[in-house]
Amino acid sequence: MTTVASSTFAPERGPYAEETALKIDNAVKQLLAQAHQTARGVLKERRAALDRVAERLLEKEVIEAEELKTLLDSTEAQSGNRTFQGL
């Protein structure tokens, strides 16, 4: 493996020129940073639900889908956030 301009290039990367590989690396880093921020935002926004589910899992270890939906819906109703759908 060779390191160039703080990016690592592996032979298995493919037939890309180093400049193209840098562009790909930067685009991937940007996508990952955006996804990380989105995930942190969702977790922060849904902290009450996360805490409630974590507490229940510590008590019971396994939560069935219907109980999870009930937990999430009741937490969301208390906090005034939109409900979880699709569970």
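Under Stokes-Einstein, with the Kirkwood radius over Cα pairs as Rh, the value for the range 26-78 at 37 °C and 0.692 mPa s is 260 µm²/s. Sorting V42, V53 from the fewest to the most surrounding beta carbons within 10 angstrom yields V42, V53. Full extension of the segment from R47 to Y16, taken as 0.36 nm per residue of separation minus the current Cα-Cα distance, would add 6.9 nm.
Coordinate-derived values only; no laboratory data. The shown structure was predicted, so the numbers you read here are calculated from the model rather than taken from an experiment. Glycine also receives a Cβ, built like all others from the backbone with ideal geometry; neighbour counts cover every protein chain displayed.
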